[in-house]
Amino acid sequence: MVNRPSVPSIADSNRKRFIGFRVLFNSRFYYPVLAVLFLDLGLSATQYTLLNFVWAIVIVAAEVPSGALADRIGRRPLIVASAVCMVLEMSLLLAAPVNGGLVLLLFCLANRMFSGLAEALASGADESLAYESLAAEAREKEWPDLMAEVMHWQSLGLCLAMLVGAVAVALVFVVICVCAKGRCGQQQSNCFHL
């Protein structure tokens, strides 16, 4: 008799995908410096606060419609759309003009709106997909263990992302400091002042 490798069940595959999606979705290395990033781009503190207010409103406004949409077209398309929104969110930050006035504000507004929409689209859709695949195999009792595993990996991913973000920001500041010293031709005691 030949031993064939066992094919993982749909629930097992969805378990891994669910954990991976949650880790990557929540591991945003720029979060510890989000306010600094937006202010350095040229926004005022008031504009930054209002943009985050818009972000929260988009989440609340899109939460129920995204749930109804998930029931109508399925959870997987919403998860994919959420990931696309995240890519668009990050792309807007990369393309945002520094000190760009109204154009900068519009880029950041779109960034916050895509971020809020991504949150609403993913909210519950990923959990439902994972839970329903467990339920289809009569393995609902594994749900608390899966959620504990998700929280473990999500926390680890978030901590690592924050550390990477901190190192990246520190390296950028060092480069700015070195460039500022080289450009001025003199030692500056406060080279982090932009």
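Data overview
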quantity	calculated
Dipole axis of region 78-165 (+1 Lys, Arg; -1 Asp, Glu on Cβ), positive-most option in 107, 146, 123	107
Segment residue 90-residue 31, extension gain: residue separation times 0.36 nm, minus the distance between their alpha carbons	20.0 nm
Candidate values (i) 19.4; (ii) 21.7; (iii) 17.6, label of the one derived for Kirkwood radius over Cα pairs in Å	(i)
Charge dipole of the chain about the Cα centre (unit charges at C-beta), most positive-ward option of 87, 155, 134	87
Spin-label model distance (nm) - residue 80 vs residue 6, 7 Å beyond Cα toward Cβ	3.0
Exposure of residue 140 as accessible area (Å², to 10), given a probe of 1.4 Å and all protein chains	80
Using a Förster distance of 30 Å, the FRET efficiency for residue 153-residue 132 (Cβ separation, nearest 0.05)	0.90
Value at 222 nm in deg cm²/dmol, rounded to 500, when DSSP H runs of n ≥ 4 in the chain each add -39,500 (n - 2.57)	-27000 deg cm²/dmol
Dipole magnitude of region 1-130 about its Cα centre (Cβ charges: Lys, Arg +1; Asp, Glu -1), debye to nearest 20	460
Residue-normalised accessible area of the chain, given per residue in Å² at a 1.4 Å probe	61
Dipole magnitude of region 12-68, debye to nearest 20 (Cβ charges: Lys/Arg +1, Asp/Glu -1, about Cα centre)	320
Accessible surface of region 1-123 [probe 1.4 Å, protein heavy atoms]: carbon and sulfur percent	72
The chain, relative contact order in percent, only Cα pairs under 8 angstrom and at least six apart counted	34
Residue 131 accessible area, 1.4 Å probe, all protein chains in place, Å² to nearest 10	90
Exposure ranking of 113, 151 by accessible area [1.4 Å probe, largest first]	151, 113
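The values are calculated or read from the model by the stated rules, or taken from the named source; none is laboratory data. Remember, it's a predicted structure, so these values are computed and weren't measured experimentally. Here the Cβ is made from the backbone with ideal geometry for all residues, glycine too, and neighbour counts use every protein chain on show. Accessible surface areas use protein heavy atoms only, side chains included; no ligands, DNA or RNA. Shrake-Rupley method; radii C 1.70, N 1.55, O 1.52, S 1.80 Å.
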